[in-house]
Structure formats: structure tokens, C-alpha cells
Amino acid sequence: MIEMQNAASKLKSTLHLNVEPIGISFSDRVDPSQEFFDIEMPLPTEDGRTGRVAAGCVFWMHAVERRFATVAADHANCSVGSFTHGFLELSVAATKSDVGALVTSGWVSESDFGTIEHVTTQPAQVIYEPLSSSSSVPDVVFLRLNARSAMIFRDAFPTARIEGKPQCHIVAIAKELGEIALSFGCMLSRTRTSMPSSEMTAAIPGPLLQEALDRLEETASIDRNVANYASIDSKRFAN
């Protein structure tokens, strides 16, 4: 079985990651022994929205540091993320004020709703953690890529889905469809997470992690050979 600390180390070195990979795991029951993400929720909006963080994508930022469990209420301030993670039906999410604001702004239209992938079975809890500290293979391995790592990733998986908004639905693509996906990100998530403009994200289904590691290492090795050739060839222009 893949050892997660080793897998995380290989991902970081192969992809030249600036940020720790994280694992995301869905469960159909609440385990009270877990440490839950527990900070005070702000007052709800008129339609009842509040949560532990502004949106579920914010949990990605905290998960590089520690393991924690979340439930539906923790994600509930962002109706988009609550839908993509299986906590809300689309018919309910579409009635929320935050979705209304996105439609009114022109950022998304109602006709786009059906193209957004989502977790089809409502989870009881979702666990986030640094991949290196995971005791088992998570449902989804989530990466924050820089331009160089995205280059290697795309070469390793030329048929991977490349997505835009909403950024969080690549988690559902990986979990539900078993597909590797990249996202350029979305302004909703970038603003709420303060994710640097230089980063994009990728999601790997847990069952494909070993295969992904092998292909990434092979691609990175080829790139090193090309870089060596280009470096030697460029010396002719030193003067």
C-alpha cells in the first residue's frame, strides 16, 4: 500500500510544489472521536447562511497544517461549495442569496448549473488533512500548483480535464467520476481563500495516486533531460 508521507514527499519534489498536498475524505457517518474544525460562526444572513469559514475552499488552506473534520453546517456559507460537496441539492442551492448574487453579476447563469459536477451522496462529514500525515489513501488528493508544476502535471496527464469556475467542483470530478482534473481557479474562491494569483489547483482520485506518482516522475525525468540539453545548447550564446 502507498505510504502517504512518502507520496506527499514525492509529489512535492517531482512537481516543485510550494504548498503541502492535502487529502480530502468523505464519510457517511460522523465520527465523534475526530477533531472538528471549531471556530465561532458569524451571524447568519437573512436566508440563513453562515459557517465556520466563508466557503469550503478555505478549508484547503487550513488543511496544510493539521487534520480536522467538518460537517454540512461548517460549509454552509457558500451554497456553491455546499452543492459541489453533496451537502445541498441544486434546487435548494439555487434559491440562496449568494447564488443569486453570482447570477445577477453575470458570473454564472442558470443554464450553467447542470454542468457543475457534484458529490451525489450527501456525506455526514468531510475530513481534511496534510497528505503526509494521512493514515490511509484519501478519496481525493488536492494540490496547489505553480506554473512549473502545472506544466509537468499537464504533460503527465494530457487528457485530464481542465476546468475553471467553480474551482471546488474538481473535488467532485475526482471523487465521483474518478478523473484527474485541473482548475485555473475562480474569483469567488481566490478572494475567499486569498490563494495567490500564481497558483492553480489539481485533484487526483485517491485510487489513482500510485499511477499518478509513476507518471509524474517519468514526466519530470524527461523534463530534466530536456532542460539539460537546452542548458548545454544555450552556452553557445553566452557571449
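The values are calculated or read from the model by the stated rules, or taken from the named source; none is laboratory data. Only a predicted model underlies this, so the values are computations on that prediction, with no experimental measurement involved. Counting neighbours? That spans all protein chains shown, and the Cβs are built from the backbone with ideal geometry, glycine included.
Evaluate the following for S231: is it touching a residue at least 40 places away in the same chain (Cβ under 8 Å) and loosely packed, with under 13 Cβ neighbours inside 10 Å? No. Exactly one residue out of G106, G185 is farther than 28 Å from N18 by Cα and of a type outside the set (F, W, Y): that is G106. Within region 6-58, the set of residues being of a type in the set (S, T, N, Q), in a loop (DSSP other than H, G, I, E, B) and within 16 Å of the chain's Cα centre (by Cα) comprises just one member, N18. So which residues in region 3-33 are over 25 Å from S194 (Cα atoms) and loosely packed, with under 14 Cβ neighbours inside 10 Å? Listed by number, the residues that qualify are E3, Q5, N6, D28, R29, V30, D31, P32, S33. Scanning region 160-170 for residues that are modelled with pLDDT under 95 and surrounded by fewer than 19 Cβ atoms within 10 Å (Cβ to Cβ) returns a single hit, G164. Return yes or no: is V92 touching a residue at least 24 places away in the same chain (Cβ under 8 Å) and among the β-branched types (V, I, T)? For V92, the condition - touching a residue at least 24 places away in the same chain (Cβ under 8 Å) and among the β-branched types (V, I, T) - is not met. F83 is checked against (1) buried (at least 18 other Cβ atoms within 10 Å of the Cβ); (2) modelled with pLDDT under 95; (3) not hydroxyl-bearing (S, T, Y) and fails just one. What number does that condition carry? Failed condition: (2). Of the residues in region 188-210, none is among the acidic types (D, E) and in a helix (DSSP H, G or I). Filter region 158-172 down to the residues that are within 17 Å of the chain's Cα centre (by Cα) and part of a loop (DSSP other than H, G, I, E, B) and list them by number. A160, G164, K165, P166, Q167, C168 - these are the residues of region 158-172 that are within 17 Å of the chain's Cα centre (by Cα) and part of a loop (DSSP other than H, G, I, E, B).
Looking across region 174-183, just one residue is of a type outside the set (G, A, S), closer than 18 Å to F87 by Cβ and crowded, with 23+ Cβ neighbours inside 10 Å, and that is K175. In region 114-156, the qualifying residues are those that are among the basic types (K, R) and under 21 Å from V64 (Cβ atoms), and the one that is surrounded by the most Cβ atoms within 10 Å (Cβ to Cβ) is R144. Taken over region 96-120, the criterion of being touching a residue at least 24 places away in the same chain (Cβ under 8 Å), closer than 23 Å to V53 by Cβ and β-branched (V, I, T) is satisfied by V108, I116, V119.
Residues that are assigned to a loop (DSSP other than H, G, I, E, B) and over 23 Å from the mean Cα position of the chain (by Cα) were ranked within region 91-105; the one that is surrounded by the most Cβ atoms within 10 Å (Cβ to Cβ) is K96. Taking the criterion of being part of a loop (DSSP other than H, G, I, E, B) and of a type in the set (A, V, I, L, M), the residues of region 59-90 that qualify are A63, V64, V71, A76, L88.
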